[in-house]
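The values are calculated or read from the model by the stated rules, or taken from the named source; none is laboratory data. Worth saying up front: this structure is predicted, and the values here are computed from it rather than measured. A quick note on method: Cβ atoms are made from the backbone with ideal geometry, for glycine too, and the neighbour counts reach across all protein chains shown.
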Amino acid sequence: MVNLPTNPADILPFIISIITSHTFITLVIFPGLIHLVLASSFLTWYERKLLARIQLRIGPLYAGWPGGILQPIADGVKLIFKEVIVPYKADRTLFTWIPLALVFLGTLPFAVIPFGQNWVIANLDVGLVFVFATTSIFPSMIIIFAWASNSKYPFIGGLRSLFQQVAYEIPMWISALSVVILARSLNLLDIVNAQAKIWFIIPAFLSFIVFFICVMAELERLPFDLPEAEPELVAGWYTEASGVIFMALFLALYLKLYLMSTLVTVLFLGGWWGPAFLPQPVWTILKTMVVATFIIIPRGIYPRIRVDMLIKLGWTRLLIIALGNVFLTLLIVNSGVLSAWGL
Amino acid sequence: MIWAVLILLFTGPLLTLPYLIVFPKRKEDHFRDMPFESGQVPQGEARRRLSMQYYPYVLMFVVFDVVGMFLFAWGISFTRIPIGSSLMVLLFLILLGAPLGYALRLALRRENW
Amino acid sequence: MVTLVSYIVVSAALLGIGIYGLSVKRNAIRILFAVEIIVNAANINFAAFSRYLNPPQVSGQVIVFYSIAASAMEAAVGLALILLAFRLNNSIDVREMDKLKG
Amino acid sequence: MEVALAVPPDIVFIILATITLLAAILALQAKELIYGAIGLGISFIGIAGFFILLDAPYLAMLQIAIYVGAVVVLILFTIMLVRREVGEEVIEKGERGEGAAGLWIAGLLAVSIAGVAALAGPNLASTPPPGQLPVSALGPVLVTEYPVPLVILALLLSAALLGALMLAKVER
């Protein structure tokens with residue numbers, strides 16, 4: 001335990017020592033809350049800007065320089081002061097508290113994501129499984145929210161969302177398994193450290209492809225955005241959300257986007273490894289932004305796929321490729337081809 | 001665990017404050033609070049019984065969830081496992097492959113659900 | 001002080017809640033909840049004993065592993081049965097499932 | 001973490017136990033089945049917390065991924081499938097008289113088990129032996145020492161999958 005100061009004169013230095021301690025900084029500032037909120041709101045702006053450029057528009061422009069970068073803050077303020085409409089006969093408790101729980105669940109997995117050798121909050125031995133376990137709670141939350149809003153579009157959308165996330169979780173886990181086999185650890189720090197000489201995208205290229213497709217499906221991005229399909233379902237499972245509730249849901253969704261991008265970076269793109277002229281966290285964030293760009297771009301250029309295509313892709317092709325790739329990885333590791341890179 | 005507590009402490013006030021500001025219990029207004037249906041008046045019950053079509057996939061997910069967690073337990077330590085025992089895992093997966101194929105065949109037939 | 005006994009007490013309390021649900025509830029899904037709670041009470045005991053034994057045993061954890069897998073499957077089949085019963089009887093009250101009664 | 005915010009394990013244990021037990025009661029007593037499912041999920045998460053306290057983090061993750069991630073989803077799905085159009089819980093009415101008897105039986109059972117455990121308390125190990133098992137200790141035991149249960153597990157999984165599908169399928 002930390003010894004509390006008894007002398008009143010010691011209180012200010014004590015507080016300063018707490019604020020400047022590494023634990024506090026990791027928790028609150030850098031991989032912690034402030035960074036997460038900033039990064040996810042930056043991602044909303046970035047997505048709008050990128051899509052606008054793809055479609056030869058300009059996008060957000062007026063709030064702040066350059067290019068309306070303060071737009072997320074303006075949106076947040078607007079949404080906070082908007083009236084919240086709880087639909088008639090909706091389940092009020094669930095409707096208001098599920099979004100908060102979603103934000104909580106979206107922030108929780110960042111505890112184990114390493115942004116640098118020392119920039120990790122909790123060095124868990126089961127880090128990867130922790131991320132998967134926490135994200136697997138999302139679908140049930142979404143279906144409960146959709147049920148609670150007592151409206152038809154959210155219910156259909158929530159059902160589709162549940163079904164889709166459930167279908168793509170399995171190939172995602174199994175494609176991550178070959179990374180685990182290569183690194184021989186579930187600890188994300190160890191996984192990144194194992195990539196010092198060679199990024200796992202090279203020995204595990206197939207699982208990278210599978211993982212990336214599954215990430216897009218988990219995030220409900222086009223071409224997999226059946227749960228929110230605007231022409232059919234208005235806005236999918238969050239049709240009835242307004243005001244603060246919508247803000248919380250949006251924050252949770254973008255936190256999940258950021259989480260999945262960092263996860264791809266950490267598992268396949270070597271995490272913080274890069275030429276030493278930039279500090280480690282900068283490399284992680286740069287790679288994450290590249291991954292996020294590739295996740296966002298299809299939204300501007302691809303049409304939506306059909307439900308049966310979704311099923312066939314997830315349950316037959318991706319699952320079989322992922323399983324086959326596990327055994328391919330086993331063969332590669334056992335044959336000792338990778339021993340030159342210390343694997 | 002500390003992380004979880006801290007997030008609760010931070011996101012709690014951060015989001016409940018606007019909640020409290022925005023959520024004074026007001027009189028129910030049937031027309032304003034009506035569910036959105038592109039301007040039409042909603043008919044019938046919203047939480048209608050959902051179709052069975054999605055059921056087999058959720059079931060398959062439950063089964064393969066267990067398989068996935070098992071494979072992770074095997075994957076982190078496979079260097080310390082003799083190769084003969086790893087063949088056991090192969091057998092495990094092959095044994096599960098056949099039901100998966102049959103389940104998919106059942107699930108893809110529309111008339112079953 | 002957290003000892004083995006405290007885990008046993010918690011698990012006994014869970015077992016009691018589960019038995020109560022099993023004996024009183026008439027809704028089939030509620031009965032399934034009760035069964036899951038009982039299985040979890042047993043799992044706590046396995047994990048606790050495996051931790052407090054000397055030397056630390058991994059076998060207890062393996063048993064919990066199989067137990068979790070088995071109870072997940074039990075839930076899957078149980079829910080399928082409930083669906084079937086609902087389709088046949090249009091009710092999930094276990095007292096009304098008496099078609100076989102003479 | 002260098003500033004060990006060492007919360008005493010007793011407090012954590014008591015909080016976890018309270019959450020788990022209250023959520024389990026909510027699971028059985030909540031009016032709406034959806035709330036019951038949520039209570040069940042919270043109770044499972046509490047038990048995962050117990051596994052973490054018992055130095056079995058992999059089991060905790062297993063618990064969350066399988067129970068909260070999969071079984072609760074299946075339960076929610078089934079609840080939504082078997083909903084009646086009107087009159088959600090007509091069933092609960094006949095339970096009043098039997099509630100007291102069930103409570104007595106369950107309470108007696110729980111108290112007697114707890115009592116026996118408390119009596120045997122001095123003979124049981126009170127402090128856990130030092131030394132945690134690494135996460136990777138689980139895999140080899142699972143595969144090398146218990147190969148037959150493994151195959152049986154595969155058979156169980158396939159039987160459950162096919163059986164549940166055949167049960168839920170529409171007969172024509």
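Quick notes
- Some residue of the range C:42-58 being touching a residue at least 12 places away in the same chain (Cβ under 8 Å), buried (at least 20 other Cβ atoms within 10 Å of the Cβ), in contact with a Pro (Cβ under 6 Å, 6 or more places away or on another chain) and more than 21 Å from B:M52 (Cα to Cα): yes
- Against the numbered list (1) of a type in the set (G, A, S); (2) under 19 Å from D:I52 (Cα atoms); (3) at the interface with another protein chain (Cβ under 8 Å from one of its Cβ atoms), C:S67 comes up short only at (3).
- Matching residues in the range A:10-61 - criterion: being assigned to a helix (DSSP H, G or I) and of a type in the set (S, T, N, Q): A:S17, A:T20, A:T23, A:T26, A:S40, A:S41, A:T44
- Within the range A:173-194, the residues that satisfy the criterion of being within 11 Å of A:L267 (Cα to Cα), part of a helix (DSSP H, G or I) and under 19 Å from the mean Cα position of the chain (by Cα) are A:S175, A:A176, A:L177, A:V179, A:L188, A:L189, A:I191, A:V192.
- Within the range A:195-235, tally of residues that are in a helix (DSSP H, G or I), touching a residue at least 60 places away in the same chain (Cβ under 8 Å) and not hydrophobic (A, V, I, L, M, F, W, C): 2
- Considering the conditions (1) within 7 Å of chain C (Cβ to nearest Cβ); (2) in a helix (DSSP H, G or I); (3) modelled with pLDDT under 85, D:L157 is excluded by exactly one of them, (3).
- A count restricted to the range C:14-27 and to residues that are buried (at least 22 other Cβ atoms within 10 Å of the Cβ) and touching a residue at least 60 places away in the same chain (Cβ under 8 Å) stands at 1.
- A search for C-beta distances below 7 Å between a residue of the range A:52-78 that is polar (S, T, N, Q) and any residue that is assigned to a helix (DSSP H, G or I), counting only pairs 6+ apart in sequence or on different chains, returns A:Q55/A:G300; A:Q71/A:W45.
- Which numbered condition A:G32 misses (of (1) farther than 30 Å from D:G39 by Cα; (2) small (G, A, S); (3) in contact with a Ser or Thr (Cβ under 8 Å, 6 or more places away or on another chain)): (1)
- D:V116 vs. criteria modelled with pLDDT of 80 or more and on the phi < 0 side of the Ramachandran plot: no
- Criterion violated by D:A101 - all others in (1) part of a helix (DSSP H, G or I); (2) at pLDDT below 85; (3) facing chain C (nearest Cβ under 7 Å) satisfied: (3)
- Candidate set: the range B:54-88, residues that are small (G, A, S), more than 7 Å from chain D (Cβ to nearest Cβ) and out of contact with any Phe, Trp or Tyr (no Cβ under 7 Å at 6 or more places or on another chain); chosen: the one nearest to B:L108 (Cα to Cα): B:G75
- Residue within the range C:29-39 that is buried (at least 19 other Cβ atoms within 10 Å of the Cβ), more than 7 Å from chain D (Cβ to nearest Cβ) and modelled with pLDDT under 85 present: no
- Just one residue in the set A:P139, A:P154 is part of a helix (DSSP H, G or I) and within 8 Å of chain D (Cβ to nearest Cβ); that residue is A:P139.
- Some residue of the range A:1-23 being out of contact with any Asp or Glu (no Cβ under 9 Å at 6 or more places or on another chain) and under 25 Å from A:T288 (Cα atoms): no
- Test: residue in the range A:253-272 that is over 25 Å from A:E169 (Cα atoms) and touching a helix residue (DSSP H, G or I) at 6+ places or on another chain (Cβ under 7 Å): yes
- Residue that is nearest to D:M80 (Cα to Cα), among those in the range D:18-35 that are modelled with pLDDT of 85 or more and surrounded by fewer than 20 Cβ atoms within 10 Å (Cβ to Cβ): D:Y35
- C:S23 falls short on exactly one of the conditions (1) more than 7 Å from chain D (Cβ to nearest Cβ); (2) of a type outside the set (K, R); (3) under 15 Å from the mean Cα position of the chain (by Cα); (4) more than 24 Å from D:V141 (Cβ to Cβ), and that condition is (1).
- Any helices (runs of 4 or more DSSP H) falling wholly within the range A:243-343 and containing at least 3 residues that are touching a residue at least 24 places away in the same chain (Cβ under 8 Å), under 26 Å from A:I113 (Cα atoms) and more than 14 Å from chain B (Cβ to nearest Cβ): A:243-268, A:280-301
- Selection count, the range C:1-30, where residues are in contact with a Gly (Cβ under 7 Å, 6 or more places away or on another chain) and of a type in the set (A, V, I, L, M, F, W, C): 2
- Scanning the range A:162-212 for residues that are among the hydroxyl-bearing types (S, T, Y) and modelled with pLDDT of 85 or more yields A:Y168, A:S175, A:S178, A:S207.
- Among residues of the range C:1-13 that are touching a residue at least 12 places away in the same chain (Cβ under 8 Å), those with a Cβ under 7 angstrom from a residue that is β-branched (V, I, T) and surrounded by fewer than 20 Cβ atoms within 10 Å (Cβ to Cβ), sequence gap 6+ or separate chain, pair up as C:A12/D:I113.
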